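Okay, so here's the structure we're looking at.
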């Protein structure tokens, strides 16, 4: 966590977020007003935060690594703008505080898989049609990006990672021996990382706490590390 | 800066890095051994760090936002591996500490331009052939990613941003009215952000302290913010 975020948490009145993330900070700052909602209750969470801010309270919305990457920063801005049309922004001041998203913290565990151009794609089709996800996977393969996958699997979609690997293999731009890696429970109990081939990744039982890395054509396995060179070594 | 990095700086013996970044931390930790080299002396810097570590000293290599994103983590790993072939790793222990890369800190200034799938591309052709950069730009446009550009211009290549915008426009996947933004001197004196169209970006005099954002087809301008919705609002 950045110093800037720690300071915001230390100075605020209310902390709101997805249940799992709120529980990660509650121990550090027990004497705050808390509001936590489960998955699919994102809008409710944001509206609560905006309502408290309108009352003049200082609210921190806790997301995962970075609130701007598959986080709530966008929805809060959309809801504030919608309100603005109706009754003015009511003196609500918003700051988005950047953080270390899982793409970066998982990459650090593996070595340097994202050290050259890369693409980040979520495999969750809850908010994005699967056809668009497939289109992005194929384009990322064509562009020879290193690829980081969020939400590679979930209870309701255990086969998404396998389907994604099949799209990449069918693209013709990579083979089963492409260097891949994954990081799980990053920065939490049970943290682990693993390097494997794309063929092995296709059959790996990833879960929703896993972040997946697919190398570019330049990515190499160096011992227990996954490295995409920038060319300095050459 | 994360707590983890501050702690590493507080506990280390030596701090090494690109001159500009070293100067940003020297004031905080004046009583360390410092070694700074200019651009193009990356390898020298890494070798110095490894040599000090082999002597049993604790060394922090300071990169920009995240040492794993266009940073030195990969080169250090490559050099350590090369040494390992010759004489063993000599007890050098390496940890990559993730940080907030400019893509994320600049995005926070602009709102939430990277809140859905995105691609990160450097326009520097010092280490990557320009043809490969063009291929990645075209693929990112085809995949309808939000795009973040690093190194949009430099003294020796003032026209790279214009050439990149032309590639995107020629791709047929975006028009001149595509929502774009940029952040400059992020977290430093002279920090600024700006939202504009792709047509305006094409003629913008970006410099090497500028990070550029090109929206996906879903990205919208909301007041002074740039937001790529995830779909929660719909």
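Read-outs: derived from the displayed coordinates by stated rules, not from any lab. Computed from a prediction, not measured in an experiment: that's the story for all the values here. Cβ sites come from the backbone with ideal geometry, for glycine too, and all protein chains shown count toward neighbours.
General observations
- Where labels lie 7 Å past Cα in the beta-carbon direction, separation of residue B:28 and residue B:159 in nm: 4.1 nm
- DSSP finds beta bridges in the protein assembly as shown, and of those with both partners inside it, around 55 percent are antiparallel.
- The label point for residue B:93 and the one for residue A:41, both projected 7 Å from the Cα toward the Cβ, are 4.3 nm apart.
- Placing dummy labels 7 Å off each Cα toward the beta-carbon, the span from residue A:171 to residue B:185 is 3.9 nm.
- Sorted from shortest to longest, the distances between the residue A:177 label points of this copy and the other copies are 5.1 nm, with each point 7 Å from Cα along the line through the beta carbon.
- Across the identical copies, how the residue B:28 labels are spaced - nm, sorted shortest first, 7 Å along Cα→Cβ: 1.5
- For chain A, built as a Gaussian network whose Cα springs stay under 10 Å, the top-fluctuating residue of A:215, A:154, A:190: A:190
- A full extension of the chain between residue A:10 and residue A:135 corresponds to an added length of 40.7 nm, given 0.36 nm per residue minus the alpha carbon distance.
- Taking the C-alpha atoms only, the angle from helix B:42-54 to the longest principal axis of chain B is near 40 degrees.
- Mean residue ellipticity, 222 nm, helices only, the protein assembly as shown: the sum of -39500 (n - 2.57) across DSSP H runs of n ≥ 4, divided by residue count and rounded to 500, is -10500 deg cm²/dmol.
- Rounded to two decimals, the Cα-based Rg/Rh of the range B:3-87, with Kirkwood Rh, is 0.95.
- Each part gets one Cα centre, and for the range A:127-167 versus the range A:172-234 those centres are 15 Å apart.
- Angle in degrees between helix B:73-87 and the longest Cα principal axis of chain B, rounded to the nearest 10: 40 degrees
- Calculated log₁₀ intensity ratio I(q)/I(0) where the Debye formula runs over C-alpha points of the protein assembly as shown, q = 0.06, 0.08 Å⁻¹: -0.25, -0.45
- The GNM of chain A, with springs linking C-alpha atoms under 10 angstrom apart, assigns the highest mean-square fluctuation among A:60, A:96, A:69 to A:96.
- Percent antiparallel among DSSP beta bridges (both partners in the range B:102-227, rounded to 5): 70 percent
- Shielding of peptide B:62-69 by partners, expressed as the average count of other chain Cβ atoms within 10 Å per residue Cβ, is 5.
- With respect to chain A, whose longest principal axis is taken over its alpha-carbon atoms, helix A:160-170 is tilted by about 40°.
- Peptide A:145-153 is shielded by partner chain Cβ atoms: per residue, an average of 1 of them sit within 10 Å of its Cβ.
- Summary value for the range B:3-87: 32 percent relative contact order, contacts being C-alpha pairs under 8 angstrom separated by 6+ residues.
- Each other copy holds its own label point for residue A:209; taking that point as 7 Å from Cα along Cα to Cβ, the gaps run 4.3 nm, nearest first.
- Sequence-distant contacts, meaning Cα pairs under 8 Å at least 6 residues apart, place the relative contact order of chain A at 17 percent.
- Mean shadow area of the range B:1-157, taken as a quarter of the surface of its Cα convex hull (nm²): 11.1 nm²
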